[in-house]
Structures are given as structure tokens and as C-alpha cells.
Amino acid sequence: MSIPFPHPAPPTAPVRTPRGWLARHAVSATDQRSALLLLAPMLAVLIAVAVFPILYSLWTSLFDIRLTRMHVTFVGLGNYAAIFQDPDFWAAVGRTAVFTITSVVAIMLIATPAALLLNREFRGRRLLSTALLIPWAIPYVVDGLMWKWIYDSGYGALNGVLLQLGLIHRYTVWLGDTHRTLALIVNAFVWKEVPLATILLLVTLKSIPADLYAAARVDGATLLRRFVHVTLPALRPGFMLVTIYEAMTAVRHFDLFFILTEGGPADASHVLAWHVYVETFRKLSFGSGAALAYVLALATFAMAYGVIRLLGRRL
């Protein structure tokens, strides 16, 4: 009696998995609908909070809208033409440029040595790094009120210290001097922004390979040569990031000007951001205020693009 042996199963064709273009696009319609459904709340909030106000303000800038008179007139680009013919606008542009350039240069000159110091090992470095973040963590409103008390002509700490040191003979109205006001606001702005710039430059320093310094020492490079030929070229990405961020922040800054001087004295601190506020909420001219806001935004983006093009070529 012969025992039947089972016949082997016929060979099956190997299962082929999609590759290339098919693998990248092998997402079912159900998965796509599920993803869109999950993203719908976020997209709705983004459109309501960001996209709609931007488009509505652009539409508003094309009209002459003043709450002092119940009349709305379509003027097209008339608001923009009036802005560039206004001498107060160009005066505000000049003050904004001075404030921005002075602030960015001061921040870079202070943050670079601070980052180099924190990049070295010494006792208390962690404590110093933590303390450095305190000014950056303070809101701008608190920062402005603090410096307003320091600059106060009656009980301010600045007058008290300088009087004790014999540098002044009587209390000075610091924020009432048209020649000093902008510099005093720059000081308050720099004090707030230096910690963040220091941290960004410190992160860039940490990314420099130690082999570069070792090779420079082998070649007999001095400390100054190592700084010029190794550290500075490696810091260029950090310099570009700090320059762009701080310049954009300075151009659009409003808080300190509102708290410390409100554009005074005698328009000495009347910068572009304050000009937008005055035109919109004091003169109640929402059409020209929206146009000014768009001019400020476009100028900020153009400046950032120019810095990227200028410094990016050398990276």
C-alpha cells in the first residue's frame, strides 16, 4: 500500500511593494480626508487669526476711513502716495534707522564677548548663564516701567548713583532732553535683547569643531589669530541670525516708546511704530494707519532680505 505524499504548493509570485513614485503617493483617499479633517481646526484658527486680518487690513488701506467723520471713500493707492509725501514720515524713518543701527551694533558688541566668556569653563559659569536670562525673561512692559523709574528725575536710581559719584551736581530730567532720549531708549532695548543674542552666539560657538583650534595651535597661531581665522568665520551664521532678528525687532518696536516717552519730547522718539499708532488710534485714520503698517512690514522684510543676501554670500 503506497502512502500518498502531499504535493508541494505551487510557487506564488513574490509580493511587490511599490517603489519610487508609487511609494511616495501610495496614500489612500481615506487617509487624505482623515488628515484634512484633523488639520481643519488648526487651519480655521490660522485663517481667522492671521490670514483674514492681513487681507482685511490690506483692503482697509485702500480706503479713506476716518472715525471723526462718517464717510468712507475709496482712494486706491492714495494713502500710500500721501505717506511718501509726508515729511513726518521721513523724519520717523530717520529716527527708526538711527535706533535700529545703534541698537544692533551695541547688541553685537556686548553679546559677542559675553558669548566668548560663557564658552569657557570656569567656576560659576552655569549660575552666570542662568542670571543672564533674567532680562530676556522680563516682559517689555515691565522692562519699560523699570527703566522709567530708573530715569525718573525725582527719585530715579540713575540720578542717585551719578550724584553720589560726583558726576552730576543736580538731578537731571533724562527723558526730557531731546538729545538723550533716543539713546536712553536704546539702552533699555539693548539691556533686554543682549541675553538672547548671547545665547544664539554661544550655540554657534559650541558647534565649532575642537579640531580646528587644535590644528591652529599646531601651526603656531596665537590667540588673536585663532579668533580672527577660526572663531569669527565660524560665527558668521550666528551673526546673521542675530542681526536679522534684532534689526526686525528694533524696526517694529513700540512698547518702550509708548511707556517711556510716548514719542516725545518734541517728537525726539517719534519712530515708525509710534507713527502708525498715532495715525491709527489718535487721529482715528484707519485707512492711512493700515497703509503705514504695510509700509513698515514691507520695509522690515526688505531689510531682512538684504541682510540675508549680503551676509549669506560669505557663509
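Brief remarks on what is shown
- Of residues in the range 268-285 being among the aliphatic types (A, V, I, L, M) and out of contact with any helix residue (DSSP H, G or I) (no Cβ under 6 Å at 6 or more places or on another chain), the one nearest to Arg69 (Cα to Cα): Leu284
- Enumeration of residues in the range 283-296 that are touching a residue at least 24 places away in the same chain (Cβ under 8 Å) and either in a helix (DSSP H, G or I) or among the small types (Gly, Ala, Ser) (or both): Ser285, Phe286, Gly287, Ser288, Ala290, Ala291, Leu292, Ala293, Tyr294, Val295, Leu296
- Looking only at the range 60-75, and only at residues there that are surrounded by 11 or more Cβ atoms within 10 Å (Cβ to Cβ) and of a type outside the set (Ser, Thr, Tyr), the one that is farthest from Met248 (Cα to Cα): Val72
- Some residue of the range 137-145 being hydroxyl-bearing (Ser, Thr, Tyr) and over 22 Å from the mean Cα position of the chain (by Cα): no
- Condition met for Tyr213 (at pLDDT below 85, surrounded by fewer than 20 Cβ atoms within 10 Å (Cβ to Cβ), on the phi < 0 side of the Ramachandran plot and aromatic (Phe, Trp, Tyr)): yes
- Residue within the range 61-80 that is at pLDDT below 90, charged (D, E, K, R), part of a loop (DSSP other than H, G, I, E, B) and outside the structural domain of Ala268 (by TED's automatic domain parsing) present: yes
- Residue list for the range 250-265, filter: buried (at least 18 other Cβ atoms within 10 Å of the Cβ) and among the small types (Gly, Ala, Ser): Ala250, Gly263
The values are calculated or read from the model by the stated rules, or taken from the named source; none is laboratory data. Everything numeric in this text was worked out from a predicted model, so none of it was measured. Quick reminder, even Gly has a Cβ in these numbers, built from the backbone with ideal geometry, and neighbours come from all protein chains shown.
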